[in-house]
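Here's the structure, in structure tokens; my notes come after.
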Amino acid sequence: MVVRASDVAKLLSKPPEGDEASAKFGKIFEEEYALANHIYERTWYVHVPKWFVRKVAARLMAEGIYRRDLVLKAYRAYAALLNAGVIGKKPKTVFRNLTDNLFIAAQPDLYDESTETYYEFKLYPINDYARKQAEVFAWVLEKPVVLVGLKEDPGGSVSVEKEVVAPPKDLRINVSELKKIAVAEEFCVDLTVTGGTTLGISDMRVTARTRSE
């Protein structure tokens, strides 16, 4: 059984309130910023911001939530994160065993291989929920996570705040509550794990039972 880090954080702290459009915008920005980082490694940088803005605008239109101010917000957030050195690729999902049959899954927003740094960024100022989520990530990864928040002033300018979140010794959470929201993942159901307790989904050592069995 597996529980996502974000769902664990929701049991530890109340997530910020927001409408459906804001949630969709945040997801689109997260995905497109990671993609822009990937493109930046392989092409001339001057074109990347234009591609980024156009892609965000197209996805907002496809979701029926297009607004010019959201596109402008995406560009300003993009520039602020890049200028603050918040770069990297989307890392692999990592699982860590909490109990005999319960795993916590973590996938922060970015991993910078050159500095071996994990980043989790938010499009809002750092709050308790963001810290709790970063703590869960750090616990699973057994490495610090740099938590990044964005602040927007009345004039629209965006600034970046950072906190380094160290791995806690334990999550201090009720396991029975986690089991209520845990889901059976294919790697848990169909695979027998023979490696360690902290696993990357693409490189864990397993012995598989085929579906024909």
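Across the range 63-98, the number of residues qualifying as among the β-branched types (Val, Ile, Thr) and assigned to a strand (DSSP E or B) comes to 1.
Within the range 99-158, if we keep just the residues that are in a strand (DSSP E or B) and among the acidic types (Asp, Glu), the residue that is modelled with the lowest pLDDT turns out to be 152. For the range 100-138, the set of residues classified as of a type in the set (A, V, I, L, M, F, W, C) and surrounded by fewer than 17 Cβ atoms within 10 Å (Cβ to Cβ) consists of 102 only. Report, ordered by the first and then the second residue, all pairs with beta carbons closer than 7 Å, sequence separation of six or more or different chains, a first member in the range 115-132 that is touching a residue at least 60 places away in the same chain (Cβ under 8 Å), and a second member that is part of a loop (DSSP other than H, G, I, E, B) and surrounded by fewer than 20 Cβ atoms within 10 Å (Cβ to Cβ). From residues that are touching a residue at least 60 places away in the same chain (Cβ under 8 Å), the pairs are 124/16; 127/16; 128/13; 129/13; 129/14; 129/15; 129/16; 132/13. Candidates are the residues of the range 148-164 that are without any contact (Cβ under 8 Å) to a residue 40 or more places away in the chain and closer than 24 Å to residue 105 by Cβ; the one that is surrounded by the most Cβ atoms within 10 Å (Cβ to Cβ) is 149. Of the candidates 3, 48, the single residue that is in a helix (DSSP H, G or I) and within 30 Å of residue 114 (Cα to Cα) is 48.
The values are calculated or read from the model by the stated rules, or taken from the named source; none is laboratory data. Since the model is a prediction, treat every value here as computed from it, not as a measurement. Reconstructed Cβ throughout: ideal geometry from the backbone, glycine too, with neighbour counts over all protein chains shown.
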